[in-house]
Structure formats: C-alpha cells, structure tokens
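Taking it in order: structure first as structure tokens, then the write-up.
Readers should treat all values here as calculations from the given coordinates under stated rules, not as data from a laboratory. The structure displayed is predicted, hence computed values, not measured ones. Ideal geometry is used to build each Cβ from the backbone, glycine not excepted, and the neighbour counts take in all protein chains shown.
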Amino acid sequence: MELDLPDIDFVEQIKSSTSSCIFRTRWRNRDCILKVRWESQAYIRLKAHGLFHKGSIPDFYSLVTGINPNKWLPYLNEFFDENLLPNAILIEYIPNLQQIGLYTFCKERVNKLHQILADIHQAGVYHADPYARNMMVQEGSDRVLWLDFNRAQTFSYDSITARQRQWLEEKDELMDYFVDVLAADYEEGKIHRTWECYYEKFKSLLD
C-alpha cells in the first residue's frame, strides 16, 4: 500500500538529522510516525513474516514514495538540496516507551527481546544496530519491541553469504551477553557490565 503525503497531517517533529527525519503525524484519525527516508525493505520483509501481528515491531502502514521536499517546507529542509526524491514509511505510534534498563528490567522482557531479534533474523533481516536504545518496553503493558531499522539489511537464507552468517552469529552472541550482564547489573542495582551497551563509544565494537 502506498499513500500520498497530503493524506497525512504533520503534528510535530520528533527527530531530525542529515540522514532521516521522524515526525508524529495523524492518518485516518490515528497517531502515526512518519520516517523519512529509508527502512522500507526491512519493514516489508518483517510484515510478510508476521512480526507486526505479534507486536514485536511497530506496525507498518504504508510507503510514501517520491516526496518533493520543496512542497513540504519547513518539515523536509534537510532534503532540500538532494538530487533524489526521498521516500518515507508510515508506522505505528506507540506511547509511553522506555528503553530496557535497570528500571524496566525483568527476565521475561529481556528473554522476549532476545527471541524477537532471533525472529528478525529468521525473517531475513539483519538489524545491524542492536543498542539498548532500540530495545523498548511500553509502560503499563507487557509489550516489548525493537525499533529503528535505518541500518538494516535484508538477505535470503537460500543465498546467504559467509559474511552475512557471521554478522548474524555475532549479533546473537552480543545479545546473549547483554541479557546475562543486564541481569547481573540489575542484581547490583547499577549500570556496570552493560555500560558500553548504552553509549556510542561501543559502536566500533559492534560494527
């Protein structure tokens, strides 16, 4: 399903950078998130494998392609000088999200996040950004989910390369580590072993 941008009402800008913009919007009387510009292939693959029905990922509503930034100023200033017209995805807005951490920890939640990452990989999507900031808990419910597929890559198990398989194994091992050390930090009542998992300086070790 594809939408035209005039079908969507802008409410507020949540985040802006040179690579993407995130907006809270309204569509068909519901709150949504509009993300300009990538992620579409990963979301299409995840939707086909039913992860949205499980609540493991924000629901994916539609693509918006070929957006002319000149017609949507000042919202899309970051894309004004680009040669290629950006695309966007419209996804579910989920209120009251907190990243997994000491105050949101329980074993069931981190184990479920671990299983969701395995399901993402099984769907042929390599998340590539497994930071704690992308592992979310919705306050007031039992829902946990993964966010942010900006860097995600899709692949087929029929033609997976040795390098891609290595990536998946490394991320699975990293998630095993995170689950164990977050539980240990929770018992101590302070961030210690998981310190690197919450900060950008650890990025080079994850890539």
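Build a GNM of the chain with springs between Cα atoms under 10 Å: which of ALA152, ALA162, ALA88 gets the top mean-square fluctuation?
Evaluated over the chain, the most mobile residue of the options is ALA162.
What residue among VAL36, VAL181, VAL144 has the largest mean-square fluctuation in a Gaussian network model of the chain, using Cα springs under 10 Å?
VAL181
How long is the gain from TYR103 to ASN83 if the chain were fully straight, where each residue apart is worth 0.36 nm and the alpha carbon distance is subtracted?
Residue separation times 0.36 nm, minus the Cα-Cα distance, leaves 2.7 nm.
What is the distance in Å between the Cα centres of region 116-140 and region 47-82?
A separation of 19 Å, based on Cα centres.
For LEU90, LEU97, what ranking results if the residue with the fewest other Cβ atoms within 10 Å of its Cβ goes first?
By the 10 Å Cβ count, ascending, the order reads LEU97, LEU90.
Sort MET175, MET135 so the one with the fewest other Cβ atoms within 10 Å of its own Cβ comes first.
By the 10 Å Cβ count, ascending: MET175, MET135.
Estimate the FRET efficiency between TYR157 and TYR198 by the formula 1/(1 + (r/R0)^6), using the beta-carbon distance for r and 35 Å for R0, to the nearest 0.05.
0.65
How big is Rg to Rh over region 120-171, alpha-carbon atoms, Rh as the Kirkwood inverse-mean-distance radius?
A ratio of 1.06.
Taking the Cβ of GLN166 as the centre, find all other residues whose Cβ is under 12 Å away and add up their charges (Lys, Arg: +1; Asp, Glu: -1).
It works out to a net charge of -1.
Could you list, in their original order, any pairs among LYS47/LYS107; LYS15/LYS71; LYS35/LYS112; LYS35/LYS171 whose Cα atoms are separated by more than 22 Å?
Pairs exceeding the cut-off: LYS47/LYS107; LYS35/LYS112; LYS35/LYS171.
Where both partners of a DSSP beta bridge lie in the chain, what percent of those bridges are antiparallel, to the nearest 5?
Within the chain, antiparallel bridges account for around 95 percent of the total.
Say we join alpha carbon atoms closer than 10 Å with springs in a Gaussian network model of the chain; which of ASN96, ASN29, ASN87 then has the biggest fluctuation?
Answer for the Gaussian network model of the chain: ASN29.
Cα-based Rg of the chain per 2.2 N^0.38 Å, rounded to two decimals?
Rounded to two decimals, the normalised Rg is 1.07.
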